[in-house]
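The block underneath contains the structure these notes are about, expressed in C-alpha cells.
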Amino acid sequence: MKEILKIENKKYAYQCLNQALNMGLNFKLEKNFKEKNFNVDNLNDLLDNPVEGIELKELLKYFEKEIIPYCSNFSNKNFMGFPDSGNSLAGLSGAILADFLQQNLINSSFCAPIATYIEIAVIKWFRELLGYKIIPINSIWDVGGIITYGGTGSNATAMLLARENFRKNTMINGVNNASDYKIIVPKGINHYSIKSSSMWIGCGNNVIEVETDNYRYNIQELKKVLLANKGKIMSVVSYVGDSRTMTIENLKEVYQTVKEIDKNIWLHVDACHGFSLSFSDKLKNKIVGIELFDSIATDPHKVLNIPYCISALLIKDPHKFKLITSTSDLIMQEDFAWGQVTPFIGSKCWISLKIWFMMKNIGIKKIGKIIEQRCEIANILAHKINNSKHFILINEVNINAVVFMYVKDKNNLKKDIKKINLLNQRIYSKMLEEGIYYLHSFSLPDDRGIMEKGAILTPLRFMSGNPNIKEEDLNNILNYIIKLVKELEDNE
C-alpha cells in the first residue's frame, strides 16, 4: 500500500512530497495575492464524498489547478492588510519538521522529551525579551508561559486565570453571581476574544467598555468605572497594538490607576502585535511597563514571519498556573508534562519548533532590525498620505499599521462621512474582486476627531508585516487606489 509511508516506498514518498513542496513555493512567489475568486454557488462540488480515492500525484495536480488559485497569499508583498506573511524559510522548515516528527507535548517523558525542553527555551526567550523575571526552571510550574494555537486561546486562558485569581476554586465550585465577574476593556478597539472568553468561562457578557482618547484609555473614565464597580472587577485588559489601529496603551499609567484602587485585579495585556518591539533596542522603550502586568498574550505568527498558527501566553508569576491545572491519570503527573497547564488543549503538536528555528536562524538582533524596518515603512507611508491631497490619515502610527481613507481632495473636503465611508467600502470591494492588492477594512470610531469625533468610519488599513515591502510598493498601492476610484467613477 503505497499511500502509507514505509521504507519500500521511500522514493515515491519523496517524489510526492517534493511535488507538494514545489507547489507551495510557487504559490508563495506568485505575482498577485489571489488569482481567482471562488463562487459559493460551486460549493456542492467540494462536498461530494470521496468514495473512490485518487492517486496522490494526480490529487496534487488537481489541487494545484483547482484549489490553490482560490487561496489568499499572505506571503505576497501585495497582501498589505495583515502582518502575517509566514515567509521565514527557517519557520517553514520548523513547521514541516514538526509535522514529520509528530511529538505530542501533552506529556514529556515518553511523548516529547526534547520537544518539551525546546518549547521551554522559546518561552524563556520571550519572557526575557519582555522583562519578566526568570527563576530556575525545575518543573513546568517554573516556566511562566504556555504555547497556544492563537491569540484568542491565549486571551481566553488569561481570563480563566483572572477568574480563578478573583474567586479561588471557581473551577471546582462554579461561577456564582456571574455579574460580579466583570472585565474592563477600551471601547471601540477591544478584541472580540475577551468578550467571547468571558462567556466561554461562564462569566457571561459582563465586559465594560471604557471611553478612549486617541485609542487609549481615558484614565479619568477608567477610574470612575473602577470605583463604581469596586470588588466586582476581575480583570482590566490593555492593548500593545490593538487589532485595528495598532496603538500602544499608556501601560504604566493604567497599571498605577488600577492597582491604587484594587491590587487584586488581574492586569492582562494583549500584545499579540506589539510584543515584537521587544526585539529592538531602538523600539522597546515604547512598551516599558509591560513587565508590570500579570499576563501578556503574544502572537509570533503575526510578527515573526512564521506560518500559522501559534501564540504564547506569558504570566508574571509562573506558579499562578496552579490555579487552572488539570489533574488526570491520562496526563503524567511529572515535572515537565505540559498537559497540566494548557487549558482547552489536549494532545499538543510541536508548533513552537518553527519559532525556535526562526530565532536560532536569524537571531534576536537581526529580528530587531526587521521590526525596525517594518515600522519605518509604515511611517514612510503615513508621510506620503499626509502629503497627498487624496488621502487622510486616521491613526497615530505607533507600530506598523497605517489607517487611512480616500477623500479625493482633502484641501476642499466636505466631511460627508456617509459618502466617504461608502466610497472606501467600494474601493475595498473592488480590491477583493481584482485580487492584485489587499488592504484591510473595518469599522472604527474617529477617536482623534480627524473627520468627526466619535463618528464611525470604515477606513482602509495597511500593515507592513512583509520584509519584502519597499518604498516603491507604497507608491504602487496609493496609485492603484487612485486608479480604482477613477474606474469606479467612469462606470457610474
### Task
Confirm whether I96 is surrounded by fewer than 15 Cβ atoms within 10 Å (Cβ to Cβ) and within 26 Å of G465 (Cα to Cα).
no
### Query
For the range 434-452, what are the residues that are out of contact with any Leu (no Cβ under 8 Å at 6 or more places or on another chain) and of a type in the set (G, A, S)?
G435, G449
#### Entry: Residue satisfying condition, being in contact with a helix residue (DSSP H, G or I) (Cβ under 6 Å, 6 or more places away or on another chain), under 20 Å from I481 (Cα atoms) and either assigned by TED's automatic domain parsing to the domain that holds I106 or part of a loop (DSSP other than H, G, I, E, B) (or both), within set K389, K430, K408
K389
### Query
Does the range 192-201 contain any residue that is part of a strand (DSSP E or B) and closer than 18 Å to G241 by Cβ?
no
### Task
Filter the range 322-369 down to residues that are at pLDDT 95 or above, closer than 25 Å to Q102 by Cα and part of a helix (DSSP H, G or I), then give me how many there are.
10
### Task
Could you give me the residue pairs with C-beta distances under 8 Å whose first residue belongs to the range 196-225 and is within 19 Å of T257 (Cα to Cα), whose second residue is among the aromatic types (F, W, Y) wherever it lies, and which are 6+ apart or on separate chains?
V210/Y217
### Message
Which count do you get for residues in the range 202-226 that are surrounded by 15 or more Cβ atoms within 10 Å (Cβ to Cβ) and part of a helix (DSSP H, G or I)?
### Response
6
#### Entry: Subset of the range 435-492 that is in a loop (DSSP other than H, G, I, E, B) and among the acidic types (D, E) - its residue that is surrounded by the most Cβ atoms within 10 Å (Cβ to Cβ)
D447
### Query
In this structure, does A382 turn out to be aliphatic (A, V, I, L, M), within 19 Å of the chain's Cα centre (by Cα), at pLDDT 95 or above and not in a loop (DSSP other than H, G, I, E, B)?
no
### Query
So is W266 at pLDDT below 95, over 18 Å from E128 (Cα atoms), crowded, with 23+ Cβ neighbours inside 10 Å and over 15 Å from the mean Cα position of the chain (by Cα) or not?
no
### Task
Go over the candidates N37, N22, N44, N18 one by one and state the one that is surrounded by fewer than 13 Cβ atoms within 10 Å (Cβ to Cβ) and in contact with a helix residue (DSSP H, G or I) (Cβ under 8 Å, 6 or more places away or on another chain).
N37
### Query
When you go through (1) within 23 Å of M246 (Cβ to Cβ); (2) in contact with a Lys or Arg (Cβ under 8 Å, 6 or more places away or on another chain); (3) not acidic (D, E) one by one for M431, which number turns out not to apply?
(2)
### Summary
E128 meets each of (1) surrounded by fewer than 22 Cβ atoms within 10 Å (Cβ to Cβ); (2) in contact with a Pro (Cβ under 6 Å, 6 or more places away or on another chain) with one exception, condition (2)
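The values are calculated or read from the model by the stated rules, or taken from the named source; none is laboratory data. The structure displayed is predicted, hence computed values, not measured ones. Heads up, the Cβs are rebuilt from the backbone with ideal geometry, glycines too, and the neighbour counts pull from every protein chain shown.
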